[in-house]
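Q: Got a structure here, written out as structure tokens. Questions coming.
The values are calculated or read from the model by the stated rules, or taken from the named source; none is laboratory data. On a predicted model such as this, the values are computed, not experimentally measured, just so you know. In this analysis, Cβ positions are derived from the backbone assuming ideal geometry, glycine residues included, and neighbour counts consider all displayed protein chains. All accessible areas refer to the heavy atoms of the entire protein, side chains included, with ligands and DNA or RNA removed. Shrake-Rupley method; radii C 1.70, N 1.55, O 1.52, S 1.80 Å.
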Amino acid sequence: AYNYHHNARGPDLHDHLSLFSAGYKLGKRAYLGAYFQDLHYANPGKRALSQQGYGIIGKLYQGATSFELGYYHAGAGVGDQTPVFSGVFVGDGSASGLTSLGARHALSKQTDLWVQALYLRNGSRADYVLGGFGKAGGSGNLGQARQALAMGIKYDF
């Protein structure tokens, strides 16, 4: 996938994202997927801001229940921070990792129950948040590890 944003964050700010992903179903009981992304934010008068990231996920299917384990990595940002916060942290220590462990159970063709445990490990200069708790870029999570438990019901109309 390729996304190009013309003036989305402001006048003369042209950004783009390249995303490469692949997945493979291993028989009827397992799935393995991965992605790589490359972000570039325009930064007039300064060095352009860029970041690379990747993720990998594995799923096991047991009847109406599936289990998944994933790891996602936001690499260290390179360049200068933009005038409008991009969500990318820059410099040494700005990389972060997120580990996810989850399960889904199909109650019907339209309804799933799900639960997910998350562990976020921010680098010493990264300030990512989980589930909207805190404000990204607010410096309250620098170098912190955060955990979350999420659960819900998904209904497809």
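Q: Of the conditions (1) under 19 Å from the mean Cα position of the chain (by Cα); (2) open to solvent by 40 Å² or more (accessible area, probe 1.4 Å); (3) over 21 Å from Asp12 (Cβ atoms), Phe85 fails just one. Which one is it?
A: Among (1) under 19 Å from the mean Cα position of the chain (by Cα); (2) open to solvent by 40 Å² or more (accessible area, probe 1.4 Å); (3) over 21 Å from Asp12 (Cβ atoms), Phe85 violates only (3).
Q: Turning to a different aspect of this structure: Hey, does the stretch 127-145 have a residue that's surrounded by fewer than 18 Cβ atoms within 10 Å (Cβ to Cβ) and outside any loop (DSSP other than H, G, I, E, B)?
A: Yes; the residues of the stretch 127-145 include at least one that is surrounded by fewer than 18 Cβ atoms within 10 Å (Cβ to Cβ) and outside any loop (DSSP other than H, G, I, E, B).
Q: Under 7 Å between Cβ atoms, which residue pairs at least 6 apart in sequence (or on different chains) link something in the stretch 26-37 that is of a type in the set (D, E, K, R) with a partner that is at pLDDT 95 or above?
A: Pairs that qualify, where the first residue is of a type in the set (D, E, K, R) and the partner is at pLDDT 95 or above, are Lys28/Tyr61; Arg29/Leu60; Arg29/Tyr61.
Residue-wise test of (1) part of a strand (DSSP E or B); (2) free of Cβ contacts under 8 Å to residues at least 60 places away in the same chain.
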{"site": "Pro44", "(1), (2)": "no, yes"}
{"site": "Ile56", "(1), (2)": "yes, yes"}
{"site": "Leu60", "(1), (2)": "yes, yes"}
{"site": "Leu69", "(1), (2)": "yes, yes"}
{"site": "His73", "(1), (2)": "yes, yes"}
{"site": "Ser86", "(1), (2)": "no, no"}
{"site": "Leu98", "(1), (2)": "yes, yes"}
{"site": "Gly102", "(1), (2)": "yes, yes"}
{"site": "Trp114", "(1), (2)": "yes, yes"}
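Q: Okay, moving on. Are any residues in the stretch 62-82 open to solvent by less than 70 Å² (accessible area, probe 1.4 Å) and within 30 Å of Pro11 (Cα to Cα), and if so, which ones?
A: Pass one, the stretch 62-82, residues open to solvent by less than 70 Å² (accessible area, probe 1.4 Å): 64-66, 68, 70, 72-77, 79-82.
Once the filter is applied, which keeps residues that are open to solvent by less than 70 Å² (accessible area, probe 1.4 Å) and within 30 Å of Pro11 (Cα to Cα), the stretch 62-82 yields Ala74, Gly75, Ala76, Gly77, Gly79, Asp80, Gln81, Thr82.
Q: Now, a different point. Residue by residue through the stretch 16-35, note down the ones that are under 25 Å from Ser66 (Cβ atoms) and surrounded by 15 or more Cβ atoms within 10 Å (Cβ to Cβ). Don't jump to the end; show me each part of the working.
A: Residues of the stretch 16-35 under 25 Å from Ser66 (Cβ atoms): 19-35.
Across the stretch 16-35, the qualifying residues are Tyr31, Gly33, Ala34, Tyr35.
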